[in-house]
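Beneath this line is the structure, given in structure tokens, with notes to follow.
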Amino acid sequence: MKKNWVSYKDIPNIISLIRILLVLPFVVNIYSIYVLGYDKNWLLMALFFTIILSDILDGFLARRLNCTSDLGEKLDIISDSLYTISSLMIFFYLNIIPVWFVIIVVIKLLEFVITSKIINTRKKTKNITVVDKIGKLSIMMVMLLPGVFVFRCIVIDYKIVMNIFIYIITIMFIFSSIYRIKKVIV
């Protein structure tokens, strides 16, 4: 019997891998538009929507096709983290956001991984992640933050809007961290 090289159950993981490949063109386009003055906003918008929609789609398909896996969860975390950190790094490099926010996001991602591991070890479950609602919402906001730049033609002063988002996200991170630390201690 001939075995297919790719099965329909691989689709969510393939989508996550595609998202990883889209990060570099996304960041290069931000740089090209901001520094070099290229007018490729349509491409930046297309990349942004593709990245965000692929994040939604891979999880939806994994659940719908009943093919969630540890590999898929890891790929999702890696692709989301790569997109998030790369976007924040280019915004820091371009002096659009402060470095302290990039550091806080990296710390929050590390905290998420470490506390998930501790909580799952205590519960004796094999899940990779433990999600809290405030943390999930705040990370979604971080992932949407580049959209403020992408749609800067609509937003009057996108830097102010991005900074407002940054402070709101930071406050949400604090509440999420308190919740997660309580879960680890208790």
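The values are calculated or read from the model by the stated rules, or taken from the named source; none is laboratory data. None of the values given here were measured: they were computed from a predicted structure. Here Cβ is always computed from backbone atoms with ideal geometry, including for glycine, and neighbour counts include all displayed protein chains.
Conditions (1) surrounded by 14 or more Cβ atoms within 10 Å (Cβ to Cβ); (2) modelled with pLDDT of 95 or more; (3) in a helix (DSSP H, G or I); (4) under 13 Å from the mean Cα position of the chain (by Cα), marked per residue:
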position	(1), (2), (3), (4)
Ser16	yes, no, yes, yes
Asn29	yes, no, yes, no
Leu36	no, no, no, no
Trp42	no, no, yes, no
Ile51	yes, yes, yes, yes
Arg63	no, no, yes, no
Asn66	no, no, no, no
Ile90	yes, yes, yes, no
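In segment 144-186, what residues are of a type in the set (Val, Ile, Thr), part of a helix (DSSP H, G or I) and touching a Phe, Trp or Tyr at 6+ places or on another chain (Cβ under 9 Å)?
Val148, Val150, Ile166, Ile169, Thr170
Checking Phe151 against (1) more than 17 Å from the chain's Cα centre (by Cα); (2) surrounded by 15 or more Cβ atoms within 10 Å (Cβ to Cβ); (3) without any contact (Cβ under 8 Å) to a residue 24 or more places away in the chain: exactly one of these is not met. Which one?
In the conditions (1) more than 17 Å from the chain's Cα centre (by Cα); (2) surrounded by 15 or more Cβ atoms within 10 Å (Cβ to Cβ); (3) without any contact (Cβ under 8 Å) to a residue 24 or more places away in the chain, Phe151 misses (3) alone.
Anything in segment 154-178 that is surrounded by 14 or more Cβ atoms within 10 Å (Cβ to Cβ) and over 21 Å from Val102 (Cα atoms)? List them, or say none.
Matches in segment 154-178: Val155 only.
Scan segment 39-59 and tell me whether some residue there is farther than 18 Å from Ile90 by Cα, touching a residue at least 24 places away in the same chain (Cβ under 8 Å) and among the small types (Gly, Ala, Ser).
So far as segment 39-59 goes, yes, one or more of its residues are farther than 18 Å from Ile90 by Cα, touching a residue at least 24 places away in the same chain (Cβ under 8 Å) and among the small types (Gly, Ala, Ser).
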